[in-house]
Amino acid sequence: MSDQGHAPDFDYQPALPISNGKTFMWLFLSTEIMFFAALIGTYIVLRFGAISWPSTHDVHLAEIYGAVNTFVLICSSVTIVLALEAAKKNNSPLAKGWMVLTLVLGTVFLGIKMVEYDAKFSHGLYPQHPHSGIYEKPDVYYAQAVRLRLSELKVELLAITDRTAEQDKQLTVIDDISRELVAPAEEQLRNHPDSPLGRKLLWKLADEIYPRASVHENPGGGHTSARHPNPGYLLGSQDSAGRRDRSPFLLTGGEGDAGAEAHDSSGHVSGLNDQHHPWLKLPIMIPGGNMWASTYFLLTGFHALHVVIGLIAFVILLMMTLGRANAGVIENVGLYWHFVDLVWIFLFPLLYLF
Amino acid sequence: MSDSTHNDPHDSSDHHESHGSIGLYVGIFAALCVLTTFSFLTYFPFWRENVPVGVSRVFMMAVSCTKAMLVIMFFMHLKWEASWKWVLTVPASFMSALLIFALVPDVGLRMRHASHQRMIHAAEVPAEADSAQTAAEDDHSGETHEHEHE
């Protein structure tokens, strides 16, 4: 920089008047901006171009989790800023304290994310078959998938020689579903392919297995897709409470009696998959559900990956002395962490509230 | 490195030591929380019943942009940086905007018109009337659908 031996009056000018680390962090962040802009832009195209898109409650998204996570990330942004301020004042213990708090908050974010993912996975909402049980529409293929799943379960149960009472009950449930829902729909479709009744029965089958919240709650509410408002097939043709009373197999479910039409805490209606929770796992019908699952898991997954990388950086920082000498490193990690927060600021309304 | 007198002339950490006070950060934090509450308000029924979906979406995006600006300006210190900040942020924003605009034709084309092919793969509620007719017409395609053209 200063070569005083033979110094012409050149003043060395770095490209940017900031440290190399910070320059590269900002360069990296600008690539990240483009990366997430592309992902979010693609999500918007797919979401608003989709013929149908599930409402948040259709896919077991609870807004409160997203809001809490937003709050957690904002808090962690503040704590890392305070860590930087403490480091600038050469107060390493205080900086470490704030850094630990940031680490804890980041972990809380991931924990809430895991709870959310678990709610999706336990309902068969995966981005990809074979885990995913999502079908786009109730057609013959859907009925076939339900029938195959039922017979698979039945074969498994019949192979057991000494069945428990619980397993006998499961067999009854399977037989009831086959007899009352699947068989009538398939027979109707086979014998009267021109009649709309067969497809009505298919809608009913799908609705019994996985009642979508957008169909059952707040008719005409803002959450349903504008293109497909609430279908009137349930409200008009059949009274849903009476319909459930007529179905004897619903009463055999463990916790299904009171919860048949009851909404659980986050506004979901309980269907056959919920009433016979861990074992039944029938295919479910959510229009637009596969595209939703792909975009949701891609966006939140990439964001969660960034959170994990941030947490690793925090752990590395905690092994250093967080004094003034290392303030630059804290600043760079902080910049990255603020960016992670920034992405979530946009993801939260787009994924949870739109 | 633990020597606190070490002073890198290109280390900007000293330049804005006086800018961000704890009080300011707490204020920004409070503002961010209030703004998050604003966008969360759209979730409640009274909002959804009284505000058109489009309006609340624009509102949410405006709130998000405000929050993003607060984070960028104060937490990421861009407010106090020298003009190098434009070198790095403007091209990136420009490229991101370009990416988004490149997708706009897709959005515009797809939002107003769904092709026959896409309607075939969409879930539809069976219509009450003249589905028998349509079904008969569509029978050759192996499946039966109504095509709801709006």
Residue match in the range A:129-137 (condition: open to solvent by 40 Å² or more (accessible area, probe 1.4 Å) and outside any loop (DSSP other than H, G, I, E, B)): yes
Selection count, the range B:91-114, where residues are open to solvent by 50 Å² or more (accessible area, probe 1.4 Å) and in a loop (DSSP other than H, G, I, E, B): 1
Count of residues meeting criterion [in contact with a Gly (Cβ under 6 Å, 6 or more places away or on another chain) and either among the hydrophobic types (A, V, I, L, M, F, W, C) or more than 8 Å from chain A (Cβ to nearest Cβ) (or both)] in the range B:27-63: 1
Residue within the range A:20-43 that is facing chain B (nearest Cβ under 7 Å) and at pLDDT below 85 present: no
Residue check for A:LEU150: assigned to a helix (DSSP H, G or I) and open to solvent by less than 50 Å² (accessible area, probe 1.4 Å): yes
Selection count, the range B:81-90, where residues are within 9 Å of chain A (Cβ to nearest Cβ) and either charged (D, E, K, R) or part of a helix (DSSP H, G or I) (or both): 6
Lone unmet requirement of (1) of a type outside the set (Gly, Ala, Ser); (2) open to solvent by less than 30 Å² (accessible area, probe 1.4 Å); (3) more than 10 Å from chain B (Cβ to nearest Cβ) for A:PHE302: (2)
Leading residue by the ranking (modelled with the lowest pLDDT) among those in the range B:54-77 that are surrounded by fewer than 15 Cβ atoms within 10 Å (Cβ to Cβ) and over 30 Å from B:LEU88 (Cα atoms): B:GLY54
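For every residue, the table says whether it meets (1) modelled with pLDDT of 95 or more; (2) closer than 30 Å to A:HIS276 by Cα; (3) of a type outside the set (Lys, Arg).
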site: A:ILE64; (1), (2), (3): no, yes, yes
site: A:LEU84; (1), (2), (3): no, no, yes
site: A:ASN90; (1), (2), (3): no, no, yes
site: A:PRO93; (1), (2), (3): no, no, yes
site: A:VAL100; (1), (2), (3): yes, no, yes
site: A:LEU103; (1), (2), (3): yes, no, yes
site: A:LEU110; (1), (2), (3): yes, yes, yes
site: A:ALA119; (1), (2), (3): no, yes, yes
site: A:LEU125; (1), (2), (3): no, yes, yes
Residue match in the range A:251-266 (condition: modelled with pLDDT under 85, farther than 28 Å from A:ILE64 by Cβ and either surrounded by 13 or more Cβ atoms within 10 Å (Cβ to Cβ) or of a type outside the set (Val, Ile, Thr) (or both)): yes
Scan of the range A:102-123 for residues that are outside any helix (DSSP H, G or I) and either open to solvent by less than 30 Å² (accessible area, probe 1.4 Å) or within 13 Å of A:LEU61 (Cβ to Cβ) (or both), ordered by number: A:HIS123
Neighbours by Cβ (under 8 Å, 6+ apart or cross-chain): first from the range A:317-338, more than 7 Å from chain B (Cβ to nearest Cβ) and open to solvent by 20 Å² or more (accessible area, probe 1.4 Å); second among the hydrophobic types (A, V, I, L, M, F, W, C) and assigned to a loop (DSSP other than H, G, I, E, B): A:ASN326/A:MET320; A:ASN326/B:MET1; A:VAL329/A:MET320
Residues being in contact (Cβ under 8 Å) with a residue 12 or more places away in the chain and not in a helix (DSSP H, G or I) - total across the range B:37-58: 1
Cβ-Cβ under 8 Å pairs, at least 6 apart or on other chains, the range A:156-174 side on the phi < 0 side of the Ramachandran plot, far side part of a loop (DSSP other than H, G, I, E, B): A:LEU157/A:ARG163; A:GLN167/A:ILE160; A:GLN170/A:HIS276; A:GLN170/A:TRP279; A:LEU171/A:ARG163; A:VAL173/A:GLY253; A:VAL173/A:HIS276; A:VAL173/A:LEU280
Residue in the range B:70-80 that is assigned to a helix (DSSP H, G or I), out of contact with any His (no Cβ under 8 Å at 6 or more places or on another chain) and facing chain A (nearest Cβ under 7 Å) present: no
Of the criteria (1) at pLDDT below 85; (2) buried (at least 20 other Cβ atoms within 10 Å of the Cβ); (3) within 14 Å of another protein chain (Cβ to nearest Cβ), which one A:ILE284 fails: (1)
Single unsatisfied condition, A:THR161 versus (1) open to solvent by 60 Å² or more (accessible area, probe 1.4 Å); (2) in a helix (DSSP H, G or I); (3) among the polar types (S, T, N, Q): (2)
Any pair with Cβ under 9 angstrom, 6 or more apart, that starts in the range A:60-79 at a residue that is more than 10 Å from every other protein chain (Cβ to nearest Cβ) and on the phi > 0 side of the Ramachandran plot and ends at one that is part of a loop (DSSP other than H, G, I, E, B) and not charged (D, E, K, R): A:HIS60/A:SER122; A:HIS60/A:HIS123; A:HIS60/A:LEU125; A:HIS60/A:SER266; A:HIS60/A:HIS268
Residue that is nearest to the other protein chains (Cβ to nearest Cβ) [pool: residues in the range A:129-151 that are farther than 20 Å from A:PRO184 by Cα and without any contact (Cβ under 8 Å) to a residue 24 or more places away in the chain]: A:HIS129
Selected residue [within 18 Å of the chain's Cα centre (by Cα) and part of a helix (DSSP H, G or I)] from B:MET119, B:MET61: B:MET61
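The values are calculated or read from the model by the stated rules, or taken from the named source; none is laboratory data. It should be emphasised that the depicted structure is a prediction, and the values quoted were computed from it without experimental measurement. Virtual Cβ from ideal backbone geometry, glycine too; neighbours counted across all protein chains shown. To get the accessible areas, we keep the full protein, side chains included, count just its heavy atoms, and leave off ligands, DNA and RNA. Shrake-Rupley method; radii C 1.70, N 1.55, O 1.52, S 1.80 Å.
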